[in-house]
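Notes follow once the structure below has been shown.
The values are calculated or read from the model by the stated rules, or taken from the named source; none is laboratory data. Fair warning: this is a prediction, and the values are worked out from it, not measured in the lab. Glycine also receives a Cβ, built like all others from the backbone with ideal geometry; neighbour counts cover every protein chain displayed. The area values use the complete protein model at the heavy-atom level, side chains included, leaving out ligands, DNA and RNA. Shrake-Rupley method; radii C 1.70, N 1.55, O 1.52, S 1.80 Å.
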Amino acid sequence: MTRLLLTLALCVPLLAGAQAWPSAKPITLIVPFTPGGNVDFAGRVFATRLQEKLKQSVIVENVAGAGGIVGVQRAIQAAPDGYTLLVGVDSPISIARFVTPSAVRYDSLRDLAPIGMLNAAPMIIVARPGLPADSVADFLKLARSQPGKLSYGTSGVGTVLHLAMERVKTLAGIDILHVPYKGGAPIVTDLIGNQIDLAMLVTVATLPQVKAGKIKAIAVTTRERVPSAPAIATLAESPEFKDFDMVAWTGLFAPARTPAAIVERLNRELNDALAAPEVGGKFEEQGALLRRFTPAEFAAFLRQEQADYAEIVRAAGIKEQ
């Protein structure tokens, strides 16, 4: 009985706060990266919409550091009252704990309440213009004929781009060399100059160069073809990669133990925003896909994704550097 009373006493403030939310004070939306990038853009577009719908100030706070880990940690340590939210992405949420375990002091599945997905960015395998491969079949044939000779670039060790190509290598049984860069722009420059053979990048950053004929598109990583580039095949269309579906995503989170009523309300606001031209339309203009999840569906997605990423990291022997 004493334990029950203690539990009820601890819950009363949360219940009272849920009833008052969001009128008590401004909402802080943590973006775990510097201003100006794609994640910051998504956070600010949604913040503007949320502020209008809730009739409450929504302040975007950029908390950069350690590839997003610092900002995620800040959000986890905040009070679970609905007044601190996080714009999270795959790397610090689902990957870092396996690649850089010494830097991650949280369990995102336990310490965060998933609300929904803001957008999903397809990834794409691209090739230098001089590479004698124009399709997935060509690429695999070339790689198998020259094991260890071809190179591919990504924006860093342990990124979702790195993991996606490592899964491709495992499923196809090919050996190509990973060359980590510090960003996507120099990779595209080296591809155009035939300095590197291939790359795994996001479509948002590469489709203009593909459409201009400066680099070749081999395949995208989503199950369905990308609406903005329907001529580009998917990996899933090839027998080696049946059902292959990987994206770089941006999602909305709250600290764990945030009242369910607040999480559900935020989920409704998020999914309504994705249907609006000023939010979802802007994301689609950038080539992103919209996936409307309930909190439970997003949580299930994250659990499966983390299980998959743990296996990819283990099989590829990816380690912190």
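Points to keep in mind about this one:
- Top-ranked residue of segment 214-230 - restricted to ones that are surrounded by fewer than 20 Cβ atoms within 10 Å (Cβ to Cβ) and not aliphatic (A, V, I, L, M), ranked as farthest from L54 (Cα to Cα): K214
- Residue-level analysis places A254 among those that are in contact (Cβ under 8 Å) with a residue 40 or more places away in the chain and crowded, with 17+ Cβ neighbours inside 10 Å.
- Checking every residue in segment 80-88 against the condition of being surrounded by fewer than 17 Cβ atoms within 10 Å (Cβ to Cβ), at pLDDT 95 or above and within 26 Å of the chain's Cα centre (by Cα) gives zero matches.
- Within segment 173-232, considering residues that are part of a loop (DSSP other than H, G, I, E, B) and polar (S, T, N, Q), the one modelled with the lowest pLDDT: S228
- From the options A315, A296, A233, A260, residue that is open to solvent by 50 Å² or more (accessible area, probe 1.4 Å), over 21 Å from G82 (Cβ atoms), of a type in the set (A, V, I, L, M, F, W, C) and over 16 Å from the mean Cα position of the chain (by Cα): A315
- Residue that is nearest to the chain's Cα centre (by Cα), among those in segment 127-151 that are among the small types (G, A, S) and open to solvent by 50 Å² or more (accessible area, probe 1.4 Å): A137
- Residue count for segment 299-312, restricted to those that are free of Cβ contacts under 8 Å to residues at least 24 places away in the same chain, small (G, A, S) and either within 17 Å of T170 (Cβ to Cβ) or open to solvent by less than 30 Å² (accessible area, probe 1.4 Å) (or both): 1
- Subset of segment 77-118 [closer than 21 Å to A316 by Cβ and in a strand (DSSP E or B)]: V89
- Taking helices (runs of 4 or more DSSP H) as the structural unit, those lying wholly within segment 233-319 and holding at least 1 residues that are at pLDDT 95 or above and not aromatic (F, W, Y) correspond to 260-274, 295-316.
- Failed item in (1) open to solvent by 10 Å² or more (accessible area, probe 1.4 Å); (2) in a strand (DSSP E or B); (3) in contact with an Asp or Glu (Cβ under 7 Å, 6 or more places away or on another chain), with A121 passing the rest: (3)
- Qualifying residue in segment 152-166 (condition: surrounded by fewer than 17 Cβ atoms within 10 Å (Cβ to Cβ), modelled with pLDDT of 95 or more, at negative phi and part of a loop (DSSP other than H, G, I, E, B)): no
- Subset of segment 42-70 [assigned to a helix (DSSP H, G or I), at pLDDT 95 or above and either over 17 Å from I115 (Cα atoms) or open to solvent by 70 Å² or more (accessible area, probe 1.4 Å) (or both)]: R44, T48, Q51, E52, K53, G68, I69, V70
- Residue count for segment 268-286 satisfying the condition of being closer than 16 Å to A120 by Cα and open to solvent by 10 Å² or more (accessible area, probe 1.4 Å): 7.
- Residue under evaluation A205, criteria (1) open to solvent by less than 10 Å² (accessible area, probe 1.4 Å); (2) in contact with a helix residue (DSSP H, G or I) (Cβ under 6 Å, 6 or more places away or on another chain); (3) within 13 Å of A288 (Cα to Cα), criterion not met: (1)
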